[in-house]
Amino acid sequence: MPKDLVRKSLTALILAAPLICGNAMAENLVGNAVVLRTLDKVTATTEDYTVKIGDELQYGSLTVAVKHCEKKPPEDVPETYAFLQIDDLKLDGKGDDAEKDRIFSGWMLASNPAISALDHGVYDIWVIDCKVPVAKGLR
């Protein structure tokens, strides 16, 4: 199945879930930061980064813009997802001009990153968690 069709189907499913299940579902918890795990395939090293919503992560030649994240409430089946836009900086070979190429824009799921994954020869990026602010009085 083509990647675009999978992404569109997944987005439609996420947006339609409240309509299908009715009011029995609790509201998703909206986060203020995303935990991303990165892999450099050349050096075989992984690192975790916490990136606030609206901020960007510079990782190698990639710029990861974190737009939104949500997670299911504790009483539901666990799921965390984030909307990311990832650009790759393409050099001209001389080090003078560089242009950004959008290589990913969409939702990434923590439980199944292969559904909507970054396709890059050197780097992999996964969503690990969505940090949700703790409500006052619930500590």
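From the residues in the stretch 1-53 that are modelled with pLDDT of 65 or more and of a type in the set (Gly, Ala, Ser), which one is nearest to residue 80 (Cα to Cα)? This residue is 31. The combined condition, being modelled with pLDDT of 95 or more, farther than 16 Å from residue 106 by Cβ, crowded, with 16+ Cβ neighbours inside 10 Å and in contact with a Lys or Arg (Cβ under 9 Å, 6 or more places away or on another chain), is not fulfilled by residue 59. Selection within the stretch 30-55: residues that are among the hydrophobic types (A, V, I, L, M, F, W, C) and not in a loop (DSSP other than H, G, I, E, B). The member of this set that is surrounded by the fewest Cβ atoms within 10 Å (Cβ to Cβ) is 30.
Would you point out the residue of the stretch 56-78, among those that are outside any strand (DSSP E or B) and in contact (Cβ under 8 Å) with a residue 40 or more places away in the chain, that is nearest to residue 90 (Cα to Cα)?
Top of the filtered list is 61.
Scanning the stretch 29-55 for residues that are in contact (Cβ under 8 Å) with a residue 24 or more places away in the chain and closer than 12 Å to residue 125 by Cβ gives 34, 35, 36, 37, 38, 39, 40, 41, 48. Is it the case that some residue within the stretch 95-106 is assigned to a loop (DSSP other than H, G, I, E, B), at pLDDT 90 or above and under 23 Å from residue 40 (Cβ atoms)? No: the stretch 95-106 contains no residue that is assigned to a loop (DSSP other than H, G, I, E, B), at pLDDT 90 or above and under 23 Å from residue 40 (Cβ atoms). If you go through the stretch 69-82 and keep only what is more than 18 Å from residue 115 (Cα to Cα) and not charged (D, E, K, R), you end up with 73, 74.
The values are calculated or read from the model by the stated rules, or taken from the named source; none is laboratory data. Quick caveat, the model's predicted, so the values are computed rather than measured. Every residue, glycine as well, gets a Cβ built from its backbone with ideal geometry; the counts of neighbours run over all protein chains shown.
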